[in-house]
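The values are calculated or read from the model by the stated rules, or taken from the named source; none is laboratory data. Keep in mind the model is a prediction, meaning the values are calculated, not measured. Because the Cβ atoms are built from the backbone with ideal geometry, glycine has one as well, and the counts that use them run over all protein chains shown. Accessible surface areas use protein heavy atoms only, side chains included; no ligands, DNA or RNA. Shrake-Rupley method; radii C 1.70, N 1.55, O 1.52, S 1.80 Å.
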Amino acid sequence: MNAPDNNAPTQADGVVDWLTNGTRDQRFIDDIFAQMCIRLQQAGIPLKRSTLHVLIHHPQWLGARFMWSDGMREAEIARVDYDVRERSEYIGSPANEMQDGATEVRENLERDPSLGRKHALYDEMREKGLTDYVAWPLYHTLGKRHLITFATDRPGGFDHAHIAALKKVLPVLSLVSEIRIKNRLARTLLETYVGSHAGELILAGATRRGTGTTVRAAIMICDLRDFTKISDNWPRDDVIDLLNDYFDAMSEPIARHGGEILKFIGDGLLAIFPLQAPGACANLLHAVTEARQAMAALNERNKATSRAPLNYGIGVHVGDVMYGNIGSTSRLDFTVIGPAVNMASRLEALTKKLGRTVLLSRDFAELVEPKFELEHVGKHEVRGFSDPIELFAYPG
């Protein structure tokens, strides 16, 4: 794509000024994108359809597509799977051409289809009455390229003035979109690696070592049984798949019921349910129930491939924890510490000795009785605590 003459006036000058000066308080790129398309129409450019395709760093998604068409006030957002590049919707598409290095894709949709590019996308646009289509890379820093497309139903397609106007928008849109996408990436990465609540605190500036707050919470620690034996005897990739399946079974119910997973520790996880949320302790047990069901289903699938069932232990306590930044001068961990966390860890360790999958402290049990059926298992010595602790098992 040749750089447009930025000094030449075009129909898009007002849109460029708005992108430069009028979007500072706009947080989301999809909202900016939809408003830009509407303003391009109002400026006299016969825009009927536009898409913006961006690559994102997410555990599940390769990217996202924002689509706007005539009459829409908001853009439609679709997530793009990692395996999209192996599917027909991608192969031979404009995105495929851009990935291969193209700097412009222009297709006259009025001409005989047999003379043009072959892809279902072009057939769909012809069926909708579109006459012209153009796609360009949207350049971000350090060589990153995304994709933007424009289409019209004007007889004869876009003229030279329309193309010049659209090109003039791109450099400013690149800057505006990169800021928003990187903000979203930062939020996504924090949510992925430290959890949504901790991520929000970090983004709000809670990054100083030693800073934190006291939180009263229900604490849940889960650990996989015999993992050392599994990791020593199974192929590496199988071990990784096993851990991912196990953490999916445990984590999704926790998140669904309002818990915050703070860390994965080898084959274990630490989660809290802050008591400021109504029914936090009950929510924890609902999450445990659903996790048990998910683990049972996982073990059935593993049985079909002659794998041994996975066993695990869960320790649950409630109390005050210090929630904040702990670590070295250059590497911090946003986590919880305190005697209540230690207690949950000790209870998890006792599950194997006492032959119970889930052990609860008396302090926690008092907050959920009589709503849940619990089994009293007596008082037991807990390492690191001077007095025996009264324990309950949760069979549900």
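A compact table of results
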read-out: By accessible area with a 1.4 Å probe, ligands and nucleic acids excluded, highest first: order of Thr131, Thr329, Thr305; value: Thr329, Thr305, Thr131
read-out: Trypsin sites (Lys or Arg not before Pro) within the range 167-249, DSSP loop, no more than 16 other Cβ atoms inside 10 Å; value: Arg208, Arg209, Arg225
read-out: Estimated FRET transfer efficiency when R0 is 30 angstrom, pair Asp123-Asp31 (beta carbons, to 0.05); value: 0.45
read-out: Net lengthening on full extension, Glu366/Arg187 (0.36 nm per residue, minus Cα-Cα); value: 60.7 nm
read-out: Taking only Cα atoms of the range 136-190, radius of gyration then Dmax in Å; value: 14.5, 48
read-out: Given charges at beta-carbon only (K, R positive; D, E negative), |dipole| of the chain in Debye; value: 620
read-out: Accessible surface ranking that places the most exposed of His286, His53, His119 first, with a 1.4 angstrom probe; value: His286, His53, His119
read-out: Asp267, Asp100, Asp25, ranked by accessible area, largest first (probe 1.4 Å); value: Asp25, Asp100, Asp267
read-out: At most 10 other Cβ within 10 Å, DSSP loop - trypsin sites (Lys or Arg not before Pro), the range 305-396; value: Arg331, Arg383
read-out: Within the range 234-379: Cβ-based charge dipole about Cα centre, in debye rounded to nearest 20 (Lys, Arg +1; Asp, Glu -1); value: 360
read-out: Pairwise label distance in nanometres, Ser386 with Asn302, each label 7 Å out on the Cα-Cβ vector; value: 4.2
read-out: Taking the range 225-285 and dividing mean pair separation by its residue count, relative contact order in percent (alpha carbons under 8 Å, at least six apart); value: 21
read-out: Accessible area (Å², 1.4 Å probe, nearest 10) - Thr10; value: 30
read-out: For the range 250-327 and the range 158-188, distance of Cα centres in Å; value: 42
read-out: Residue-span extension gain [Leu175 to Asp241] - 0.36 nm each, minus C-alpha spacing; value: 19.9 nm
read-out: Gln41-Glu89 pseudo-label distance in nm [points 7 Å out on the Cα-to-Cβ vector]; value: 2.4
read-out: Within the range 12-81, trypsin sites (Lys or Arg not before Pro) in DSSP loop having at most 16 other beta-carbon neighbours inside 10 Å; value: Arg24, Arg27, Arg73
read-out: Mean separation of Cα contacts under 8 Å, 6 or more apart, over the residue count of the range 317-374: relative contact order %; value: 31
read-out: Where labels lie 7 Å past Cα in the beta-carbon direction, separation of Arg145 and Arg256 in nm; value: 4.2
read-out: Efficiency of FRET between His376 and Lys353 - r from beta-carbon atoms, R0 25 angstrom, step 0.05; value: 0.90
read-out: The chain, relative contact order in percent, only Cα pairs under 8 angstrom and at least six apart counted; value: 12
read-out: Neighbourhood net charge (13 Å Cβ-Cβ; Lys/Arg +1, Asp/Glu -1) for Glu348; value: +4
read-out: Length added when fully stretched, Ala277-Asn108, from 0.36 nm per residue minus Cα-Cα; value: 55.1 nm
read-out: Area accessible to solvent at Tyr139, 1.4 Å probe radius, in Å²; value: 100
read-out: Under the span-like rule (Cα at least 24 Å along the axis, Kyte-Doolittle mean at least 0.0), DSSP H helices of the chain; value: 160-194
